[in-house]
Amino acid sequence: MEKSAKINVKNYRNIVVLTGAGISVASGIAPFRGPGGTWTEKDIDECATAQALRRDPRKVWEAFAFVRDKANKVEPNAAHKALAELESKHPNTWILTQNIDGLHQKAGSHNVIELHGTIHRSQCTRYCSDAFEDKAIEFHNCEKCGAPLRYDIVLFNENLDSEVIYKSRDLLEHADLFLVVGTSGIVYPAAGFVPVAKHAGAHVVIVNLEELHYGKGIEQINGKAEEILPSLFDYT
């Protein structure tokens with residue numbers, strides 16, 4: 001599919017969009033790893049795993065503090081806004097995001113499933129109560145039981161919430177358009193989303209900087225999400 005191509009939204013009933021780190025780069029949030037990433041594999045092992053949380057909750061908190069600080073300050077870019085507009089004009093649109101920055105909601109999207117949680121909430125490490133909205137940058141303890149707090153995100157070697165997985169798969173199995181934006185799709189369970197949607201008969205379109213190797217029957221548009229998405233959807 002050429003960059004100038006359009007998706008006629010009226011041709012689809014159930015639209016599902018998977019987004020990854022690439023959609024937030026233009027807002028000033030760099031990906032964790034890969035080209036342009038801010039973390040090395042050593043950083044991840046020491047600060048971003050379930051094992052690291054058990055060893056030193058404070059270290060994990062402080063390692064992600066810059067992410068919360070950045071997410072508190074940055075604004076959605078044109079790609080986030082284009083998806084919010086898509087939902088406003090086609091209410092049966094859902095976003096499955098691997099991002100933890102909350103920019104989809106800030107742009108105005110409501111049907112958002114956060115696969116990896118959100119940096120904008122905190123949770124007691126003893127899970128004595130529900131996660132709560134929290135913008136604090138400094139490390140602090142649970143007011144209820146005194147245990148260290150953690151960000152309400154899925155660390156490496158932690159499982160995704162089973163309800164999140166169930167809801168995501170149900171949406172994919174009923175999708176007739178599946179749009180993948182700004183992600184290489186190599187991290188599970190998102191890595192299996194394209195085959196599920198394709199098997200369900202969905203038209204699959206990938207918007208990414210580089211072409212991904214998914215085989216035949218997948219349309220791909222190479223470029224920046226913030227440049228492509230604002231003119232991708234035809235509502236007439």
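Values computed for the structure shown
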quantity	calculated
Percent of beta bridges antiparallel (DSSP, the chain, rounded to nearest 5)	25 percent
Using a Förster distance of 22 Å, the FRET efficiency for Lys167-His199 (Cβ separation, nearest 0.05)	0.75
Spacing of the two label points (7 Å from each Cα toward its C-beta) at Ile137 and Thr40, in nm	2.5 nm
Accessible-area composition of the chain, carbon plus sulfur, in percent [1.4 Å probe]	50 percent
Equivalent ellipsoid dimensions for the range 11-97 as semi-axes, Å, which come from the Cα gyration tensor, largest first	32, 15, 12
Relative packing of 77-85, 156-164, which averages over residues the other C-beta atoms within 10 Å, highest first	77-85, 156-164
Prolate/oblate/rounded call for the range 157-212, Cα gyration tensor, a/c under 1.5 rounded	oblate
On Cα atoms only, tilt of 162-173 relative to the major axis of the chain in degrees	0 degrees
Packing-based order for 217-226, 114-123, 137-146, using average beta carbon neighbours within 10 Å, highest first	114-123, 217-226, 137-146
Net length gained if the chain between Gln220 and Asp130 were fully extended (0.36 nm per residue, minus Cα distance)	28.4 nm
D_trans [Stokes-Einstein, Kirkwood Rh over alpha-carbon pairs] for the chain, 25 °C, 0.890 mPa s, µm² s⁻¹	133 µm²/s
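The values are calculated or read from the model by the stated rules, or taken from the named source; none is laboratory data. All values derive from a computational prediction rather than experimental measurement. Every residue, glycine as well, gets a Cβ built from its backbone with ideal geometry; the counts of neighbours run over all protein chains shown. These accessible areas exclude ligands, DNA and RNA; they are computed on the full protein's heavy atoms, side chains included. Shrake-Rupley method; radii C 1.70, N 1.55, O 1.52, S 1.80 Å.
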